[in-house]
Amino acid sequence: MGGFGYVNYLEFWKVCGFLLCLLTCPLLAELRDVVIMQTTDMHGVFEEEDSPQPGSWLRIATMVKRIRQREEGKCILVDCGDNAQGTLATALSRGMAGILPLKTMNYDVWVPGNHELDYGVERFGELTDAVNDIVLCGNLYIKGKEPFPAWRMFERNGVKVAVIGVSASYAKNWLLAEEYDKLHVEKAFQTLERILPQVHQAKPDAIVLAAHQAWFEGSDTRGVNEISTIAKCFPEIDVILGAHSHRLLSGQRLGRRSWYMQPGCHGEYLGVVRVTVDTERHAVVSVEGAMQAVKVDVAEDEELRDALSDYLTAAKAERNRLIKGSLARPVKSYGRPGVSCETSELICRALAEATGATVVLHGRLSKKDLPAGHVTGQDLFELVPYENSIVTADVTREELAAIVAEQSRHKTHYSYCGLWGADAKIGKSAETAVITALWKGEWPANGRVKLALNNHTAAGSGRFTVLRSILDKPECHTTDTKIMTRDAVEAYLAKRENLVISVGR
Ligand SMILES: [Zn+2]
């Protein structure tokens, strides 16, 4: 990705005013610049082994040091979240390895992302406590704890930059009620309405919004990402640093004048933006940015490697660990869950065995195929890269049918789950479904069977609203077993030699 240039000029009349001011009082106008560097959605990619592409924390650390040297006294370093999940090192440390670079590299701002909640709200509190002096997050906090600050003023090179932090505001649909109830969450829009008057009072020269949310072209029907609306309604925001969707958006103007960038994911790019300000008028004159690709010839930073060494050593051992049991042939991830996908079949069998559930609803969590023979810790992690736990619920035949029909309406989506343990007949256009038989035995006399699924699916994602409303009924006794999906798959494999996975009953 080459560099690019973009100048965010003020509206015509402001430009006129500015020129007039330059003509009449040339000594008053002073142009000064600050450099904002952004990382986001790093997902625990520390070193070369963690990703097929060259980007990593260790290489970005080197680039950040160089820029700080070159632009001494001008830099603000911001990370927009999703650091705690993604690799073995983050999984083994329950997120802490992913937080450590923020400390070691002296970040100025960290906005937590939704994946920081993957180990539960309590752990989220520990992860944010570990870097509490840099967290900015105005729209989400843990009930009973001090709310995070929403914004902070930074003075660099004589320029006052107000940085505001907001996280994703969609946790209600990503977490089970028992976890979500521990949080206070509001829309980022509301936060901005609330705090922008204070920000203005402090007379910043530039306003930056760092968000764990993304911009999308077109409409976001679920309302997960508020950036488009924010840019439209709050034109006083000069720069928006985005995240969450993992897209590379090198820099563009949003709304009337806000400038937006989002440096992809996994450390492939470092976002660098230079903001030039007229400090007399407290106004931004230009914004120029570039995405700097993290290339293979950038040296890894030894200081950060030292700081991470315990975590990296533990990850290496786990990567090479041989899991008990063996596979007679590979387990393939292609095909449709519940019909022809072997990965989904393996996970469903493991969930049923771990919980005693009669029926399971699951899909694949990645495109990973397991090789024949022995499976390593790395293989298992790639098969189940999320910190999912298993949820059970007692459902009636009609409820299960409604859940299956809803899944079927999203069968092309990556989060689609197939049915295991029962046969279903799905009506045309998947408006309805009928459960025709259980694979084992008759439908129980009490009318309910135990269903197992993962906690993320159970939360509904705002997509599976029928499922969520059924699981919210008290008579379903929806329970987070706290058994982790990865552990269940490992236990299932460990009991078997020369295992063959064929799909269906
Ligand atoms: Zn992410």
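Please treat every number below as a calculation from the coordinates, not as lab data. Here the structure is a predicted model, which is why all the values come from computation and not from measurement. Don't worry about glycine lacking a Cβ; one is built from the backbone with ideal geometry, like all the others, and counts go over all protein chains shown.
Could you work out the equivalent-ellipsoid semi-axes for the range 128-183, taking the square root of 5 times each eigenvalue of the Cα gyration tensor, largest first, in whole Å? Walk me through the numbers before you get to the answer.
Numbers: eigenvalues 158, 29, 12 Å².
Rounded to whole Å, the semi-axes are 28, 12, 8.
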Per residue, how big is the convex hull around the C-alpha atoms of the range 322-494? Give it to me in cubic angstrom, could you? 106 Å³
Label-point separation in nm, residue 194 to residue 431, each point 7 Å along Cα→Cβ: 4.4 nm
Run the dipole for the range 322-494 about the Cα centre, Lys and Arg Cβ at +1, Asp and Glu Cβ at -1, nothing else charged, and hand back the magnitude in debye, nearest 20. 400 debye
Which FRET efficiency value, to the nearest 0.05, do you get for residue 295 and residue 443 by plugging their Cβ-Cβ distance into 1/(1 + (r/R0)^6) with R0 = 45 Å? 0.15
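Cut-off is 10 Å between beta-carbons; in what order do 272, 224 appear when sorted fewest neighbours first? Each step should come with its number before you reach the end.
Details: 272 22, 224 19.
Going from least to most buried by this count: 224, 272.
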By per-residue mean of other Cβ atoms within 10 Å, what is the highest-first order of 44-57, 68-81, 104-117? 104-117, 44-57, 68-81
Between the range 419-464 and the range 375-390, the alpha-carbon center distance in angstrom: 25 Å
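May I ask you to derive the relative contact order of the range 29-315, considering only C-alpha pairs under 8 Å and at least 6 residues apart, and to give it as an integer percent? Show your work: numbers first, answer last.
Details: 667 pairs, mean separation 71.4, N = 287.
It comes to 25 percent, rounded to a whole number.
What do you get for Rg/Rh of the chain when both radii come from the Cα atoms and Rh is the Kirkwood radius? Present the calculation step by step, with values, prior to reporting the outcome.
On the way: Rg = 25.1 Å, Rh = 24.5 Å.
Result: Rg/Rh = 1.03.
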Summing Lys, Arg as +1 and Asp, Glu as -1, what charge do residues with Cβ under 9 Å from the Cβ of residue 502 carry, residue 502 excluded? -2
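Counting only C-alpha contacts under 8 Å and six or more residues apart, can you give the relative contact order of the range 368-484 as a whole percent? Working shown, then result.
On the way: 157 pairs, mean separation 43.5, N = 117.
With pairs under 8 Å counted, the relative contact order is 37 percent.
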Show me, for the range 239-251, the HN-Hα J-couplings you get by feeding each phi into the Karplus relation (A = 6.51, B = -1.76, C = 1.60, θ = phi - 60°), rounded to Hz, glycine and proline as x. 9, 10, 9, x, 7, 5, 8, 6, 8, 8, 10, 6, x
Placed amide H near residue 283: partners under 5 Å, 5+ positions off or other chain: 278
Lysine pairs in the range 29-315 with Cα distance under 13 Å, only those 8 or more apart or on different chains: how many are there? 7
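Assigning unit charges at the beta carbon (Lys, Arg +1; Asp, Glu -1) and nothing else, what dipole magnitude in debye, to the nearest 20, does the range 29-315 show about its Cα centre? Intermediate results must be reported in sequence, preceding the final value.
Values: 30 positive and 42 negative charges, 196 e Å.
Roughly 940 debye, rounded to the nearest 20.
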Cα coordinate range in the range 29-315, projected on the principal axes (Å, largest first): 55, 46, 36
Alpha carbon centre of the range 66-145 versus the range 230-273: separation in Å? 19 Å
Return the calculated 222 nm mean residue ellipticity for the chain, to the nearest 500 deg cm²/dmol, obtained by summing -39500 (n - 2.57) across DSSP H runs with n ≥ 4 and dividing by the residue count. -8500 deg cm²/dmol
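Please sort 255-266, 400-411 by packing, taking for each peptide the average over its residues of neighbouring beta carbons within 10 angstrom, highest first. Mind showing how you got there, number by number?
On the way: 255-266: 23.7, 400-411: 21.4.
Listed from highest to lowest mean packing, they are 255-266, 400-411.
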Residue-span extension gain [residue 495 to residue 236] - 0.36 nm each, minus C-alpha spacing: 87.2 nm
Apply the Karplus parameterisation 6.51 cos²θ - 1.76 cosθ + 1.60, with θ equal to phi minus 60°, to every residue of the range 257-262 and state each ³J(HN,Hα) to the nearest whole Hz, in sequence, with x for glycine and proline. 7, 5, 10, 10, 9, 8
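In the neighborhood of residue 92, defined by Cβ-to-Cβ distances under 12 Å, what is the net charge if each Lys or Arg adds +1 and each Asp or Glu adds -1? Could the numbers behind the result be given before it?
Numbers: positive: 94, 316, 319, 321, 486; negative: 310, 318, 387.
Counting the neighbours of residue 92, the net charge comes to +2.
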Which residue, 88, 124, 264, has the largest displacement toward the positive end of the dipole of the range 29-315 when charges sit on each Cβ (Lys, Arg +1; Asp, Glu -1)? 264
